[in-house]
1. Would you confirm, using the coordinates I've provided, whether Ser214 is at pLDDT 90 or above, of a type in the set (S, T, N, Q) and surrounded by fewer than 18 Cβ atoms within 10 Å (Cβ to Cβ)?
2. For segment 73-128, give me each residue that is without any contact (Cβ under 8 Å) to a residue 24 or more places away in the chain and either aliphatic (A, V, I, L, M) or on the phi > 0 side of the Ramachandran plot (or both).
3. I'd like to check something: does segment 181-199 contain any residue that is surrounded by 15 or more Cβ atoms within 10 Å (Cβ to Cβ), over 30 Å from Gly79 (Cβ atoms) and touching a helix residue (DSSP H, G or I) at 6+ places or on another chain (Cβ under 9 Å)?
4. Of all the residues that make up segment 168-193, how many are within 15 Å of the chain's Cα centre (by Cα) and in a helix (DSSP H, G or I)?
5. Restricting to segment 40-79, name every residue that is over 24 Å from the mean Cα position of the chain (by Cα) and of a type in the set (Phe, Trp, Tyr).
6. Give segment 155-171 a look and list any residue that's free of Cβ contacts under 8 Å to residues at least 24 places away in the same chain and within 22 Å of Val122 (Cβ to Cβ), or say none.
7. Looking at Ile205, Ile200, can you tell me which residue is assigned to a helix (DSSP H, G or I), in contact with a Leu (Cβ under 6 Å, 6 or more places away or on another chain), closer than 30 Å to Asp38 by Cβ and not polar (S, T, N, Q)?
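The values are calculated or read from the model by the stated rules, or taken from the named source; none is laboratory data. In this text, all values refer to a predicted model and were calculated from it rather than measured experimentally. All Cβ positions, glycine included, derive from the backbone under ideal geometry; neighbour counts span all protein chains shown.
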Amino acid sequence: MNDQKLFALWESQNQKLEETLKLNKKLVREITKGQLGDTIGSLRSPKLFALLIAIPYTLLLCFFVFIGKQAGAPFVVFGFGLIALIMTALIIGYLYHIYLINQIQGTDEISKVQKQIAELKVSSFNLTRLAVLQLPLWSICWISLDVLKSSPFLYGGVNLLIFLLLSYIAYWLYQRLNVQNSNSKVYKFFFSGNEWDPIIKSSHILEQIKEYDS
C-alpha cells in the first residue's frame with residue numbers, strides 16, 4: 001500500500017472519528033439538557049404546593065381584614081392588610097417562577113436558559129427576604145383599640161416592645177439573608193432544600209452544557 005492510499009485511509013478514519021466524537025458530544029449535550037429540564041422541573045411541585053396553601057391563606061387574611069373593618073378594628077385591618085399584600089406579592093412571584101420553569105424546559109437556547117435561571121434565582125432570593133418582613137406585622141394584628149385607650153402605658157408599652165422585638169428579628173434576618181453572608185447558618189437554612197437546591201444544581205448543569213457547546 002503506497003503512501004497516498006495510506007494517507008487517504010488515515011484521512012477517512014480521522015473524519016469518521018471526528019463525526020463520531022461530534023455525535024457523542026451532541027448525545028451527551030442532549031442527555032445533560034434533559035437532566036437540566038428534570039432538575040428545574042422538580043421545582044414545580046413545591047411551588048404548586050406552596051400556592052395551594054398560600055392562596056386560601058391570603059383569602060383568609062382578606063376575610064380578617066373585612067371583619068376588622070366591619071368591627072371598627074383599625075389595627076386588625078392594618079396588620080392583616082399588609083400581611084395580605086405581602087402574601088399577594090409572594091403568590092405573584094411563585095406564579096412567575098412556574099412560568100420561568102416552563103420557559104426553561106421549553107427552550108434550547110443556552111443564553112435564554114442562563115438568563116431565566118438567573119431570574120429564577122434572584123426572584124427566589126428576593127421573595128424569601130420579603131417574606132421575613134411580615135414578622136413584626138403579626139404583633140399589630142391583635143391590638144385592641146379599646147384596651148389601648150384604657151391602658152395606654154401598660155398595654156401599649158407591652159405591645160410596642162413586642163413590635164420592636166419582632167422588627168429587630170425581621171431586620172436581623174433580612175440582613176443575614178444576603179449573598180455576603182452566604183456561609184452563615186441562617187443563610188444556608190433559608191436557601192436550601194427542595195426550593196433552592198435544584199436552582200443551584202441547574203446552574204452547574206448549565207455550565208456543563210456551555211462547555212459542550214464551546
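1. no
2. Of everything in segment 73-128, those that are without any contact (Cβ under 8 Å) to a residue 24 or more places away in the chain and either aliphatic (A, V, I, L, M) or on the phi > 0 side of the Ramachandran plot (or both) turn out to be Val77, Leu85, Ile92, Leu100, Ala118, Val122.
3. For segment 181-199, residues surrounded by 15 or more Cβ atoms within 10 Å (Cβ to Cβ), over 30 Å from Gly79 (Cβ atoms) and touching a helix residue (DSSP H, G or I) at 6+ places or on another chain (Cβ under 9 Å): present.
4. In the first step, residues of segment 168-193 are kept if they are within 15 Å of the chain's Cα centre (by Cα); the result is 177-179, 187-193.
This time we only want the ones that are in a helix (DSSP H, G or I), so: 179, 187-190.
So the count comes out to 5.
5. Phe63, Phe64, Phe66, Phe75, Phe78
6. Tyr171
7. None of the other options fit; the residue is Ile205.
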